[in-house]
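Structure record follows, encoded as structure tokens.
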Amino acid sequence: MFVDLDDTLFQTLGKCVDSDDLRPAAYLKDGSAISYTTPRQRAFFEMMSASMTLIPSTARNRDALNRVDLPFSNYSIIDYGGVVLEPGGTVDEFWLETMRSDMNNALSGLQAAMEIIDGYSGKIGLKGRSRLIEDCATPFYIVVKDPDKNDANLEQIECEALAPWIATAGKDFFIHRNGNNLAVLPKTLNKARAVEHVRSRLLSEHGEIMTIGMGDSKSDARFMAACDYALIPNGTQLAKLTVAAL
């Protein structure tokens, strides 16, 4: 099972609908807890772990993955699919070199998007500023968070500043917004690509396998569609756009 982490297997305290018996699952750099699991999430994780190999497929980088307190022992897909970690945690160098070439080609576009975001935010008085997310000495994507956690501010940046750029000069990029998180990613950065790469390695190691994809947001839908089956946590962005909308 290729599984997203944040808002799928755990979430921040403010997103925990049921506040009984919460347990820390992820931590900040200072060691304080930032995300928690519910009893149902723990039961689900234990049930899946007993019969399947769970492979994290996350936007987190290597450092942030190391601050997740869940037992994973096989491959890991991080940085939105930009980096694949081998069992044991070493970097899949073949995949990294493939993505490094793609990301270097995308860097000028990411820098242009950062100028657009920061210029627009400064002009109208928004506090959020763009950050270039890098890992393994490779730039991957940019992210903006609103310090006041006002989702409407990010929506304004997306619609008024980024959408016109995407429609013209930025056609090789896409926008992902979910809650207080706005990201601009190259289209070549795709969890589905990394899932296919890892799946091919597993096939060569074990023969025919069955795969499940699980995630909470629109950006997860592509890698979930690359699997045999898909699971969507209830109440998430992707659930509201699909099964809950029927």
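The table for this structure:
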{"quantity": "The range 115-246, relative contact order in percent, only Cα pairs under 8 angstrom and at least six apart counted", "calculated": "16 percent"}
{"quantity": "The chain - percent of accessible surface contributed by carbon and sulfur, probe 1.4 Å", "calculated": "51 percent"}
{"quantity": "Cβ charges +1 (Lys, Arg) and -1 (Asp, Glu), total dipole of the range 149-241, debye", "calculated": "100 debye"}
{"quantity": "Computed over the chain: relative contact order in percent, which uses C-alpha pairs under 8 Å that are six or more apart", "calculated": "17 percent"}
{"quantity": "Share antiparallel - DSSP beta bridges, the chain, percent rounded to 5", "calculated": "75 percent"}
{"quantity": "Listed residue (LEU246, ILE209, LEU54) projecting farthest to the positive dipole end of the chain, Cβ model", "calculated": "LEU246"}
{"quantity": "Probe 1.4 Å, accessible area per residue of the range 48-96, Å²", "calculated": "40 Å²"}
{"quantity": "Greater than 30 Å apart at Cα, pairs in LYS123/LYS191; LYS127/LYS171; LYS15/LYS123; LYS29/LYS240", "calculated": "LYS123/LYS191; LYS15/LYS123; LYS29/LYS240"}
{"quantity": "Potential extension, GLU46-CYS16 segment - 0.36 nm per residue separation minus Cα distance", "calculated": "8.9 nm"}
{"quantity": "Distance from the range 12-52 to the range 162-219 (C-alpha centre basis), Å", "calculated": "24 Å"}
{"quantity": "Mean accessible surface per residue for the range 113-206, computed with a 1.4 Å probe while every protein chain stays in place, in Å²", "calculated": "48 Å²"}
{"quantity": "The range 1-125: relative contact order as a whole-number percent, Cα under 8 Å and 6+ apart", "calculated": "18 percent"}
{"quantity": "Label point distance in nm, ALA33-THR168, each placed 7 Å from Cα along Cα→Cβ", "calculated": "4.9 nm"}
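The values are calculated or read from the model by the stated rules, or taken from the named source; none is laboratory data. These figures come from a predicted structure and were not determined experimentally. So basically every Cβ, Gly included, is an ideal-geometry build from the backbone, and we count neighbours across all protein chains shown. Each accessible area value is taken on the protein alone, full model and side chains, heavy atoms only, with ligands, DNA and RNA left out. Shrake-Rupley method; radii C 1.70, N 1.55, O 1.52, S 1.80 Å.
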